[in-house]
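Chemist: Structure below; questions to follow.
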Amino acid sequence: MENPNRINPSTNASVFPALFVCASLILNVYLAVQLLNQKSAPPVAASRAADELKSAETMASPDSQTTSVNQDSPTAEERRFHWSAMESSDYRQYIANLRAAGVSEQVIRDIITADVGQHFTKRAREIWPWRVNAYWQKYNNERPNPKQTEQMAALAKEHGATLKELLGVRIGQQEMIDTVYLQIHGHERELLLLPPDKREAAMAALADADIEAKVMKLHSTGSYSSQDEQKLFNEKLKVLADVLTPEELEDYHQRNSPVGGYVKSQVRYLGLSPDEYKQLLVSMESSGEKLQTKDAVEKLFGEERAKEFERTSSAFYINARTGAEAEGIPLDRVDQAAKVATDSTTAAFTTLQDKTLSVEERKAKLKELQIQSEAKIKELLGDKASKIVVRDLNNVLRSQATYIKP
């Protein structure tokens with residue numbers, strides 16, 4: 001079923017869902033080829049279709065209980081169910097034939113999705129061929145060029161519109177791939193906590209606003225800023241405001257803000273209340289890239305909280321606490337270990353600048369500092385919980401040693 005003349009997509013662009021995300025274009029095309037390179041329905045669909053078409057075969061043949069046969073009765077070969085009798089060069093007729101044979105809507109959807117997907121996959125490969133390296137060749141992380149990206153986005157819309165017209169649902173290659181590989185991403189992941197009907201309405205609103213294509217275009221450049229990403233997120237908020245309640249929209253905002261993701265990684269151990277976090281997020285979003293988190297914390301909550309933020313947001317503290325919590329080690333040791341690491345880097349920098357010592361003397365002193373610090377941190381946290389902290393500290397000290405000059 002690969003006749004391109006059967007594809008008759010709707011011309012209404014407002015209902016075209018944008019299904020490709022640039023970050024997964026390579027994977028999508030490759031997996032789609034693997035999943036859809038057979039003419040038959042996907043394995044899951046084929047399994048269900050086998051049972052249902054067996055029933056259809058029985059319906060299509062004479063009563064199996066009849067034992068008398070006259071000369072005018074059809075032969076066994078003539079009574080046998082043929083798949084070719086179901087297929088049609090027109091997808092609408094093909095679907096009608098399947099329904100007439102008693103095939104369920106879910107199996108029809110699986111079969112038609114696979115068949116249509118096979119056609120669009122071939123067209124996608126014509127736009128952006130998948131180059132497979134020989135086993136001895138280095139993998140190249142190639143991306144489609146801007147023109148190919150636009151063509152792929154247009155093809156994705158056409159694919160989605162075709163399936164929307166034929167099956168009445170928003171579905172595409174990505175949904176099949178995600179189902180098989182248990183992947184949830186993009187808008188669907190962000191809206192996962194909403195009720196199904198509200199989630200579908202939100203997905204439709206984002207698709208009608210062509211948000212996915214804008215996301216894909218943004219990521220295709222590979223050089224977008226956090227301000228660009230936040231600007232697009234704000235546009236999504238405006239679209240969703242017509243679908244979600246104020247409470248749902250606020251929850252979506254708090255969970256998915258690009259700036260919020262960065263802020264959360266820094267304040268995870270600061271102990272902010274929900275209201276304090278909201279204040280900080282609004283402050284950081286409104287400032288763009290002009291305001292540092294520490295400065296925002298100090299402005300909103302005072303100097304003491306800013307000092308606490310500085311202590312709990314350091315990489316040494318975060319890694320030490322993560323390891324300590326996993327191993328059940330008291331948190332007071334986390335502060336001590338982080339302080340040892342921080343003091344060691346400060347002492348190393350002082351040694352680096354000490355021109356009264358020779359190059360070899362400074363290197364020896366740094367080595368001694370590294371050994372002492374590593375032993376102290378392991379004593380506080382144990383070998384397992386201290387592993388990442390020690391690794392990071394050693395990397396810093398070794399890096400500083402390379403800058404020692406006469």
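Chemist: Could you tell me how many of the residues in the stretch 187-217 are without any contact (Cβ under 8 Å) to a residue 24 or more places away in the chain, in a helix (DSSP H, G or I) and closer than 18 Å to GLY261 by Cα?
Modeler: 2
Chemist: Please determine, by comparing only the residues of the stretch 360-396 that are small (Gly, Ala, Ser) and under 20 Å from THR350 (Cβ atoms), which one is farthest from the chain's Cα centre (by Cα).
Modeler: Among them, the one singled out is ALA364.
Chemist: Of the conditions (1) open to solvent by 50 Å² or more (accessible area, probe 1.4 Å); (2) over 20 Å from ALA315 (Cα atoms), ARG362 fails just one. Which one is it?
Modeler: Among (1) open to solvent by 50 Å² or more (accessible area, probe 1.4 Å); (2) over 20 Å from ALA315 (Cα atoms), the lone unmet condition for ARG362 is (1).
Chemist: Hey, among the residues in the stretch 103-118 that are surrounded by 18 or more Cβ atoms within 10 Å (Cβ to Cβ) and touching an Asp or Glu at 6+ places or on another chain (Cβ under 9 Å), which one's nearest to LEU167 (Cα to Cα)?
Modeler: Within the stretch 103-118, the match that is nearest to LEU167 (Cα to Cα) is THR113.
Chemist: Quick one: LEU232 ticks every box in (1) under 22 Å from the mean Cα position of the chain (by Cα); (2) buried (at least 19 other Cβ atoms within 10 Å of the Cβ) except a single one, so which number is it?
Modeler: Of everything listed in (1) under 22 Å from the mean Cα position of the chain (by Cα); (2) buried (at least 19 other Cβ atoms within 10 Å of the Cβ), LEU232 misses just condition (2).
Chemist: The conditions are (1) in contact with a Gly (Cβ under 7 Å, 6 or more places away or on another chain); (2) open to solvent by less than 70 Å² (accessible area, probe 1.4 Å), and GLU327 fails exactly one of them. Which is it?
Modeler: Evaluating GLU327 over (1) in contact with a Gly (Cβ under 7 Å, 6 or more places away or on another chain); (2) open to solvent by less than 70 Å² (accessible area, probe 1.4 Å) leaves (2) as the failure.
Chemist: Scanning the stretch 368-406 for residues that are assigned to a helix (DSSP H, G or I) and of a type in the set (Ser, Thr, Tyr), which turns out surrounded by the most Cβ atoms within 10 Å (Cβ to Cβ)?
Modeler: Result: SER373.
Chemist: Is there any pair with a first residue in the stretch 147-166 that is closer than 16 Å to VAL116 by Cβ and a second that is open to solvent by less than 10 Å² (accessible area, probe 1.4 Å) and among the basic types (Lys, Arg) whose Cβ atoms are under 9 Å apart and which are 6 or more apart or on different chains, and what are they?
Modeler: none
Chemist: Could we say that LEU167 is surrounded by fewer than 19 Cβ atoms within 10 Å (Cβ to Cβ) and either closer than 30 Å to PRO196 by Cα or modelled with pLDDT of 80 or more (or both) here?
Modeler: Criteria met by LEU167.
Chemist: Sticking with this structure for a sec: What number of residues within the stretch 270-283 satisfy the criterion of being part of a helix (DSSP H, G or I), open to solvent by less than 30 Å² (accessible area, probe 1.4 Å) and either under 19 Å from LYS307 (Cβ atoms) or aromatic (Phe, Trp, Tyr) (or both)?
Modeler: Final tally of qualifying residues: 2.
Chemist: Kindly provide the set of residues from the stretch 242-269 that are closer than 22 Å to GLY288 by Cα and in a loop (DSSP other than H, G, I, E, B), ordered by number.
Modeler: Hits for the stretch 242-269 are SER257, ARG268.
The values are calculated or read from the model by the stated rules, or taken from the named source; none is laboratory data. Just so we're clear, the structure is a prediction, and the values are computed from it rather than from any experiment. Cβ atoms come from the backbone with ideal geometry, glycine included; neighbour counts cover every protein chain shown. Note: accessible area is taken over every heavy atom of the protein model, side chains too, but ligands, DNA and RNA are not part of it. Shrake-Rupley method; radii C 1.70, N 1.55, O 1.52, S 1.80 Å.
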